[in-house]
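Novice: Handing you this structure, nothing more for now.
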């Protein structure tokens, strides 16, 4: 049987992802981003993931090593014909001018692309927040790097805190084990200072969806 005209147009619509397909590029250790992206995705939006090999215990510069695999990962996600691509690693994308980095990534992918770090900076601009606190599951060295990144982009991190509940976090593993209640407790404690205008929960592998509304309710300040 051969379909023609409007019948054919109707038959070739996507069954899933009818509105849009989003490709997600994550470090191989990340077990949170996919879950939370699916949780947030509206009807008609689908998420399609490829993983960047990330082994902090094997390499002196694990993020550089991870990014060396980008050509392969980009090929993989593009094979799903996504409409937009998200680079879901805050620590590795927090460098320099985030717009420049996103533009370069979009050229490499051939699709509109967004990075985690650029999204945080843009959120602070939307919130008109210049003074923030930052909660992460990172080693302090990475916190310091991200504080510098925010400062370069006109945002002052008044105070930052690393929540370490598992020693393997020093090698960027098991960030997913940080309990939401502990995130809420520490964010509310640090964010209650009157000079704090917003709260940043940094790391795509730290579970935050349950924590965000509780922190916003307690502080009356934006959280991302």
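Each reported figure results from applying straightforward, stated rules to the coordinates on display, with no laboratory input. Values in this document were obtained by computation on a predicted structure and should not be read as measured data. Quick reminder, even Gly has a Cβ in these numbers, built from the backbone with ideal geometry, and neighbours come from all protein chains shown.
Novice: Where a ≥ b ≥ c are the square roots of the eigenvalues of the C-alpha gyration tensor, would you call the stretch 9-116 rounded, which needs a/c under 1.5, or, failing that, prolate if a/b is larger than b/c, or oblate?
Specialist: Details: a/c = 2.05, a/b = 1.73, b/c = 1.18.
Because a/c hits 1.5 or more and a/b exceeds b/c, the stretch 9-116 counts as prolate.
Novice: What is the packing order of peptides 21-33, 142-154, taking the mean over residues of other C-beta atoms within 10 Å and listing the highest first?
Specialist: Numbers: 21-33: 21.3, 142-154: 17.1.
Highest mean packing first, the order is 21-33, 142-154.
Novice: Each label point is 7 Å from the Cα along the Cα-to-Cβ direction; what then is the distance between the points at residue 140 and residue 189, in nm?
Specialist: Spacing of the two 7 Å Cα→Cβ label points: 1.6 nm.
Novice: Still on this structure: Considering only DSSP beta bridges whose two residues both sit in the chain, what percent are antiparallel, to the nearest 5? Write out the running numbers ahead of the final one.
Specialist: Working: 0 of 26 bridges.
Of those bridges, close to 0 percent are antiparallel.
Novice: Could you order peptides 156-165, 175-184 by the average number of other Cβ atoms within 10 Å of their residues, highest first? Intermediate results must be reported in sequence, preceding the final value.
Specialist: Values: 156-165: 16.9, 175-184: 18.6.
Packing order, densest peptide first, comes out as 175-184, 156-165.
Novice: Still on this structure, I have one more. Pairs of alpha-carbon atoms within less than 8 angstrom and 6+ residues apart define the contacts here; what relative contact order does the stretch 9-116 have, in percent? It would help to have the intermediate numbers written out before the result.
Specialist: Values: 156 pairs, mean separation 31.0, N = 108.
Value for the stretch 9-116: 29 percent.
Novice: Additional query: Percent of Cα-Cα pairs more than 25 Å apart in the stretch 118-219, please. Intermediate results must be reported in sequence, preceding the final value.
Specialist: Working: 635 of 5151 pairs.
Everything past 25 Å amounts to 12 percent.
Novice: Just one of (i) 33; (ii) 42; (iii) 30 is percent of Cα pairs over 28 Å apart calculated from these coordinates, so which is it?
Specialist: Comparing each candidate, only (i) matches the computed number.
Novice: Can you sort 55, 172 from fewest to most other Cβ atoms within 10 Å of each residue's own Cβ? Display every interim value, and only then the final one.
Specialist: Working: 55 15, 172 24.
The order, fewest Cβ neighbours first, is 55, 172.
Novice: In terms of the Cα gyration tensor, with a ≥ b ≥ c the square roots of its eigenvalues, is the stretch 161-224 rounded because a/c is under 1.5, prolate because a/b exceeds b/c, or oblate?
Specialist: Numbers: a/c = 2.32, a/b = 1.95, b/c = 1.19.
Prolate shape, in that a/c is at least 1.5 and a/b is the bigger ratio.
Novice: A further question follows. Give me the distance between the Cα centres of the stretch 26-76 and the stretch 113-127, rounded to whole Å.
Specialist: 18 Å
Novice: Turning to a different aspect of this structure: Taking R0 as 45 Å, what's the FRET efficiency between residue 182 and residue 14 from their Cβ-Cβ distance, rounded to 0.05?
Specialist: According to the calculation, E is roughly 0.65.
Novice: When only Cα pairs under 8 Å and 6 or more residues apart are kept, what is the percent relative contact order across the chain? Spell out each step's value before the answer.
Specialist: Numbers: 372 pairs, mean separation 41.7, N = 224.
Result for the chain is 19 percent.
Novice: Next up: What number, in percent, do you get for the relative contact order of the stretch 118-219 if the mean sequence gap of Cα pairs under 8 Å and at least 6 apart is divided by its residue count?
Specialist: Numbers: 144 pairs, mean separation 36.2, N = 102.
That works out to 35 percent.
Novice: Determine the calculated [θ] at 222 nm for the chain from helices alone, applying -39500 (n - 2.57) to every DSSP H run no shorter than 4 residues and normalising by the residue count; nearest 500 deg cm²/dmol.
Specialist: Values: 10 runs with 92 residues, N = 224.
Calculated from helices alone, the mean residue ellipticity at 222 nm is -11500 deg cm²/dmol.
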